[in-house]
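The values are calculated or read from the model by the stated rules, or taken from the named source; none is laboratory data. Everything numeric in this text was worked out from a predicted model, so none of it was measured. When we count neighbours, we look across all protein chains shown, and the Cβ atoms used for this are built from the backbone with ideal geometry, even at glycine. These accessible areas exclude ligands, DNA and RNA; they are computed on the full protein's heavy atoms, side chains included. Shrake-Rupley method; radii C 1.70, N 1.55, O 1.52, S 1.80 Å.
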Amino acid sequence: MKDKSGTLAIVGGGVIGLAVAWRASIAGWRVTLYEPCQAEQSASWVAGGMLAPLSEGWPGEERLLELGLASLARWDDFAAELDAFAAGIVTSRSTVTVAVDEADARDLSRIRDWLADQGHPVGALSRAELRDAEPELTRALRPGFSADAERAVDNRRLLKALTAACHASGVQRIAERVTDIDVLPHEQVVVAAGAWTGKLVKGAPVRPVKGEVLRLHRRNGAPAPPTRTVRAWVHGRHVYLVPRAHGLVIGATQYEAGFETQVTAGGVRDLLADAEAIFPGISEYGFAECIAGLRPATPDNMPLLGRIDERVTLAAGHGRGGILLAPLTADAVVAELSGAPLDETKHTNPRRFS
């Protein structure tokens with residue numbers, strides 16, 4: 001039930017901006033969403049859609065792991081609410097990790113042991129169990145572990161659902177590029193501008209990190225894609241294969257390249273070679289798209305989530321976890337606006353680098 005009457009501007013219409021706008025409108029704020037670009041130009045449009053805090057975890061990133069798990073716990077309810085606007089958002093309900101060589105297998109073992117030490121044991125896999133679970137994968141792979149709590153979503157269907165949910169809840173959308181948040185006439189402002197946040201908020205330590213993604217469609221007669229998300233270590237490189245209704249999403253490279261988003265021949269070559277080492281049947285798939293986006297990264301890989309002054313709140317710097325962290329971010333921003341910040345976001349203070 002709506003219990004506010006204040007005006008709220010949200011700058012940025014990717015998954016974070018849309019999720020915050022929807023939840024804030026439901027909470028009673030009169031929300032205006034500023035986004036000059038079409039969805040096809042956002043990082044959220046490019047993303048693979050993994051909700052994978054366990055299989056993406058890494059020693060030293062304990063706080064990021066806990067933040068991701070807190071948001072993952074919200075995702076089933078979040079997706080169920082959005083099903084009314086676009087069904088079929090969730091495309092995978094488990095992750096398996098695999099390695100090509102012994103060094104890769106050691107890295108996976110290290111992550112598995114670290115997760116157990118953090119109180120989050122994951123299931124070990126034998127080669128026989130891996131073959132039974134995903135028979136089309138290369139038989140010589142070294143199994144890592146399974147994370148059955150993880151999910152993957154169709155990011156583009158998610159954006160469609162959030163856009164419809166915002167419209168239904170009364171969010172006003174304005175196709176304008178905001179260059180100065182001080183001139184916005186609203187009582188409160190949320191900056192959710194992804195990699196461009198530093199251009200709006202002086203000193204915000206957000207930088208663009210380029211990631212390339214391939215989308216392939218399954219041709220007649222080609223092997224079925226994996227039913228689970230597959231995260232693989234291939235001679236020290238990481239690749240993921242995420243199932244979709246009619247094919248696969250493969251990603252993702254990582255480059256410090258400023259705001260440049262051209263797909264490179266080398267990136268496509270590496271993604272295809274690594275994916276084929278895991279799933280040989282990919283050679284029979286057809287190309288649907290090669291695309292690149294800009295992840296909004298911070299120095300410690302944690303988002304900037306919280307107030308920077310009495311009027312402005314940041315919801316930015318989510319790195320590779322924007323879609324995973326969307327439900328928690330939306331709840332956290334609404335809580336921040338109400339004056340009762342969530343305990344789960346106590347380590348995301350955007351002023352922590354000052």
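A compact table of results
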{"quantity": "Residue match in segment 38-51 (condition: touching a strand residue (DSSP E or B) at 6+ places or on another chain (Cβ under 9 Å), farther than 25 Å from ARG228 by Cα, open to solvent by 10 Å² or more (accessible area, probe 1.4 Å) and part of a loop (DSSP other than H, G, I, E, B))", "calculated": "yes"}
{"quantity": "Filter result (under 14 Å from the mean Cα position of the chain (by Cα) and not in a loop (DSSP other than H, G, I, E, B)) within segment 80-90", "calculated": "VAL90"}
{"quantity": "Residues satisfying the stated conditions in segment 142-164, i.e. part of a helix (DSSP H, G or I) and open to solvent by 80 Å² or more (accessible area, probe 1.4 Å)", "calculated": "ARG157, LYS160"}
{"quantity": "Of all residues making up segment 281-336, the number that are open to solvent by 20 Å² or more (accessible area, probe 1.4 Å) and among the β-branched types (Val, Ile, Thr)", "calculated": "3"}
{"quantity": "Members of segment 245-267 found to be touching a strand residue (DSSP E or B) at 6+ places or on another chain (Cβ under 6 Å) and open to solvent by less than 40 Å² (accessible area, probe 1.4 Å), listed by number", "calculated": "GLY247, LEU248, VAL249, ILE250, GLY251, ALA252, THR253, ALA257, GLY267"}
{"quantity": "Failed item in (1) within 19 Å of the chain's Cα centre (by Cα); (2) surrounded by fewer than 21 Cβ atoms within 10 Å (Cβ to Cβ), with VAL213 passing the rest", "calculated": "(2)"}
{"quantity": "Single residue of segment 53-69 satisfying the filter (open to solvent by 20 Å² or more (accessible area, probe 1.4 Å) and assigned to a helix (DSSP H, G or I)) that is farthest from THR329 (Cα to Cα)", "calculated": "GLU62"}
{"quantity": "Positions within segment 110-125 being touching a residue at least 40 places away in the same chain (Cβ under 8 Å) and either farther than 13 Å from GLU56 by Cβ or open to solvent by 40 Å² or more (accessible area, probe 1.4 Å) (or both), in sequence order", "calculated": "ARG110, GLN118, HIS120"}
{"quantity": "Qualifying residue in segment 131-141 (condition: in a loop (DSSP other than H, G, I, E, B), open to solvent by 30 Å² or more (accessible area, probe 1.4 Å) and polar (S, T, N, Q))", "calculated": "yes"}
{"quantity": "The one condition in (1) outside any loop (DSSP other than H, G, I, E, B); (2) at positive phi that VAL239 fails to fulfil", "calculated": "(2)"}
{"quantity": "Hey, PRO226 touching a Pro at 6+ places or on another chain (Cβ under 8 Å), open to solvent by less than 20 Å² (accessible area, probe 1.4 Å) and part of a loop (DSSP other than H, G, I, E, B) or not", "calculated": "yes"}
{"quantity": "Residue tally, condition closer than 21 Å to VAL234 by Cβ and in a strand (DSSP E or B), over segment 113-130", "calculated": "1"}
{"quantity": "Residue list for segment 191-205, filter: out of contact with any Leu (no Cβ under 7 Å at 6 or more places or on another chain) and hydrophobic (A, V, I, L, M, F, W, C)", "calculated": "ALA192, TRP196, LEU200"}
{"quantity": "Residue within segment 194-206 that is open to solvent by 20 Å² or more (accessible area, probe 1.4 Å), touching a Phe, Trp or Tyr at 6+ places or on another chain (Cβ under 9 Å) and within 25 Å of THR7 (Cβ to Cβ) present", "calculated": "yes"}
{"quantity": "Answer residue from segment 165-202, given it is outside any loop (DSSP other than H, G, I, E, B) and of a type in the set (Val, Ile, Thr) and is farthest from the chain's Cα centre (by Cα) among those", "calculated": "VAL183"}
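Quick grid of which residues meet (1) farther than 22 Å from VAL96 by Cα; (2) touching a Pro at 6+ places or on another chain (Cβ under 9 Å); (3) in contact (Cβ under 8 Å) with a residue 24 or more places away in the chain; (4) of a type in the set (Val, Ile, Thr):
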site	(1), (2), (3), (4)
PRO36	yes, no, yes, no
SER44	yes, no, yes, no
GLY49	no, no, yes, no
GLU56	no, no, yes, no
GLU62	no, no, yes, no
LEU67	no, yes, yes, no
